[in-house]
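Before any comments, here is the structure.
The values are calculated or read from the model by the stated rules, or taken from the named source; none is laboratory data. Values in this document were obtained by computation on a predicted structure and should not be read as measured data. Here Cβ is always computed from backbone atoms with ideal geometry, including for glycine, and neighbour counts include all displayed protein chains. Ligands, DNA and RNA are stripped out before the accessible areas are found, and what is left, the full protein with its side chains, is counted by its heavy atoms. Shrake-Rupley method; radii C 1.70, N 1.55, O 1.52, S 1.80 Å.
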Amino acid sequence: MRRLYLSGTLVFWLLIAALWGAKFWLPEADAPAIAVHERPVLPAELSRHAVPDDCWMAIRGSVYDVSPYLPEHPSRPEFVLPWCGRDASEAYATKSKGRPHSAQADELLAKYRLGSLAAQ
(Lines give C-alpha, C1' and ligand atoms only; values in the text may rest on other atoms or scores of the structure.)
Protein backbone atom coordinates (compact mmCIF):
# COMPACT_ATOMS: atom_id res chain seq x y z
CA MET A 1 0.00 0.00 0.00
CA ARG A 2 2.85 2.36 0.85
CA ARG A 3 4.49 1.67 -2.52
CA LEU A 4 1.24 2.56 -4.35
CA TYR A 5 0.97 5.82 -2.38
CA LEU A 6 4.57 6.78 -3.16
CA SER A 7 4.19 5.89 -6.85
CA GLY A 8 0.98 7.90 -7.14
CA THR A 9 2.55 10.88 -5.40
CA LEU A 10 5.60 10.72 -7.67
CA VAL A 11 3.44 10.55 -10.81
CA PHE A 12 1.35 13.48 -9.57
CA TRP A 13 4.38 15.72 -9.00
CA LEU A 14 5.95 14.69 -12.30
CA LEU A 15 2.76 15.75 -14.09
CA ILE A 16 2.75 19.06 -12.22
CA ALA A 17 6.38 19.66 -13.19
CA ALA A 18 5.66 18.78 -16.83
CA LEU A 19 2.70 21.17 -17.00
CA TRP A 20 4.73 23.94 -15.40
CA GLY A 21 7.67 23.33 -17.74
CA ALA A 22 5.42 23.24 -20.82
CA LYS A 23 5.09 27.01 -20.77
CA PHE A 24 8.79 27.24 -21.64
CA TRP A 25 8.73 25.08 -24.75
CA LEU A 26 5.18 25.48 -26.09
CA PRO A 27 4.20 28.60 -28.08
CA GLU A 28 1.81 31.03 -26.45
CA ALA A 29 -1.79 30.56 -27.53
CA ASP A 30 -2.51 34.30 -27.48
CA ALA A 31 0.46 35.27 -29.64
CA PRO A 32 -0.74 37.06 -32.79
CA ALA A 33 -0.24 35.06 -35.94
CA ILE A 34 2.02 36.51 -38.61
CA ALA A 35 0.11 37.17 -41.79
CA VAL A 36 1.05 34.57 -44.38
CA HIS A 37 0.47 36.96 -47.29
CA GLU A 38 2.36 39.92 -45.84
CA ARG A 39 3.63 42.12 -48.62
CA PRO A 40 4.32 45.74 -49.51
CA VAL A 41 1.16 47.71 -50.33
CA LEU A 42 1.42 50.71 -52.64
CA PRO A 43 -0.59 53.84 -51.78
CA ALA A 44 -2.55 53.45 -55.03
CA GLU A 45 -3.67 49.97 -53.97
CA LEU A 46 -4.53 51.23 -50.48
CA SER A 47 -6.78 53.93 -51.96
CA ARG A 48 -8.81 51.28 -53.84
CA HIS A 49 -9.99 49.83 -50.51
CA ALA A 50 -12.02 52.78 -49.25
CA VAL A 51 -15.52 51.44 -48.62
CA PRO A 52 -16.97 49.91 -45.43
CA ASP A 53 -17.07 46.37 -46.85
CA ASP A 54 -13.47 46.68 -48.05
CA CYS A 55 -11.68 49.06 -45.67
CA TRP A 56 -7.90 49.12 -45.54
CA MET A 57 -6.00 51.67 -43.46
CA ALA A 58 -2.34 52.52 -43.12
CA ILE A 59 -1.25 53.11 -39.52
CA ARG A 60 2.37 53.81 -38.59
CA GLY A 61 3.69 52.33 -41.84
CA SER A 62 1.62 49.12 -41.76
CA VAL A 63 -1.53 48.35 -43.74
CA TYR A 64 -4.53 46.72 -42.08
CA ASP A 65 -7.78 45.29 -43.45
CA VAL A 66 -10.19 46.44 -40.76
CA SER A 67 -13.37 45.54 -42.68
CA PRO A 68 -14.30 42.62 -40.41
CA TYR A 69 -13.79 44.75 -37.30
CA LEU A 70 -15.80 47.83 -38.32
CA PRO A 71 -19.16 46.50 -37.02
CA GLU A 72 -17.54 45.83 -33.63
CA HIS A 73 -15.69 49.16 -33.35
CA PRO A 74 -16.94 51.08 -30.29
CA SER A 75 -17.21 54.48 -31.98
CA ARG A 76 -19.73 55.54 -34.58
CA PRO A 77 -18.92 54.68 -38.22
CA GLU A 78 -18.65 58.34 -39.29
CA PHE A 79 -15.47 58.60 -37.21
CA VAL A 80 -13.78 55.61 -38.82
CA LEU A 81 -15.04 55.40 -42.40
CA PRO A 82 -13.36 58.58 -43.69
CA TRP A 83 -10.01 56.92 -43.04
CA CYS A 84 -10.67 53.87 -45.22
CA GLY A 85 -8.15 53.76 -48.07
CA ARG A 86 -5.90 56.35 -46.40
CA ASP A 87 -3.10 56.82 -43.92
CA ALA A 88 -4.89 56.93 -40.58
CA SER A 89 -1.80 57.21 -38.35
CA GLU A 90 -2.69 60.59 -36.89
CA ALA A 91 -6.33 59.66 -36.34
CA TYR A 92 -5.29 56.43 -34.65
CA ALA A 93 -2.79 58.25 -32.44
CA THR A 94 -5.29 60.87 -31.27
CA LYS A 95 -8.75 59.29 -31.68
CA SER A 96 -9.81 62.83 -32.71
CA LYS A 97 -9.77 63.76 -29.01
CA GLY A 98 -6.07 63.94 -28.31
CA ARG A 99 -5.94 60.51 -26.66
CA PRO A 100 -4.07 57.54 -28.11
CA HIS A 101 -5.58 54.10 -28.56
CA SER A 102 -4.84 51.58 -25.81
CA ALA A 103 -2.27 48.79 -25.85
CA GLN A 104 -5.22 46.40 -26.15
CA ALA A 105 -6.27 48.18 -29.36
CA ASP A 106 -2.72 47.77 -30.71
CA GLU A 107 -2.85 44.04 -29.99
CA LEU A 108 -6.24 43.77 -31.69
CA LEU A 109 -5.01 45.75 -34.69
CA ALA A 110 -2.15 43.28 -35.23
CA LYS A 111 -4.70 40.59 -36.18
CA TYR A 112 -5.70 42.60 -39.25
CA ARG A 113 -2.21 43.40 -40.60
CA LEU A 114 -1.68 42.81 -44.31
CA GLY A 115 1.77 44.25 -44.86
CA SER A 116 3.84 47.41 -45.01
CA LEU A 117 2.94 50.63 -46.77
CA ALA A 118 5.40 50.94 -49.65
CA ALA A 119 6.68 54.17 -51.14
CA GLN A 120 5.39 55.06 -54.62
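Roughly what % of DSSP beta bridges within the chain run antiparallel, to the nearest 5? Please list the in-between numbers first.
Values: 9 of 14 bridges.
If I count the DSSP bridges inside the chain, around 65 percent turn out antiparallel.
For the chain, give the percent of accessible area contributed by carbon and sulfur heavy atoms, probe 1.4 Å, rounded to a whole number.
Working: 5730 of 9080 Å².
Result for the chain: 63 percent of the exposed heavy-atom area is carbon or sulfur.
Which whole-number percent gives the relative contact order of the chain, counting Cα pairs below 8 Å spaced six or more residues apart? Value for the chain: 33 percent. Pick from V11, V41, V80: which residue has the top mean-square fluctuation in a GNM of the chain where Cα pairs under 10 Å get a spring? Largest GNM mean-square fluctuation: V11.
Can you give the alpha-carbon Rg of region 39-117 over 2.2 N^0.38 Å, where N counts its residues?
Values: Rg = 11.5 Å, N = 79, 2.2 N^0.38 = 11.6 Å.
It is 0.99.
Hey, with R₀ at 41 Å, roughly what FRET efficiency would Q104 and L15 work out to, going by the Cβ-Cβ distance, to 0.05? About 0.75, to the nearest 0.05. Rolling a 1.4 angstrom probe over the protein heavy atoms with all chains in place gives the chain an accessible area of 76 Å² per residue. Given their separation in residues at 0.36 nm each and the Cα-Cα distance between them, Y69 and S7 gain 17.1 nm when the chain is fully extended. Taking all protein chains as they are arranged and a probe of 1.4 Å, the heavy atoms of D106 leave approximately 60 Å² accessible to solvent.
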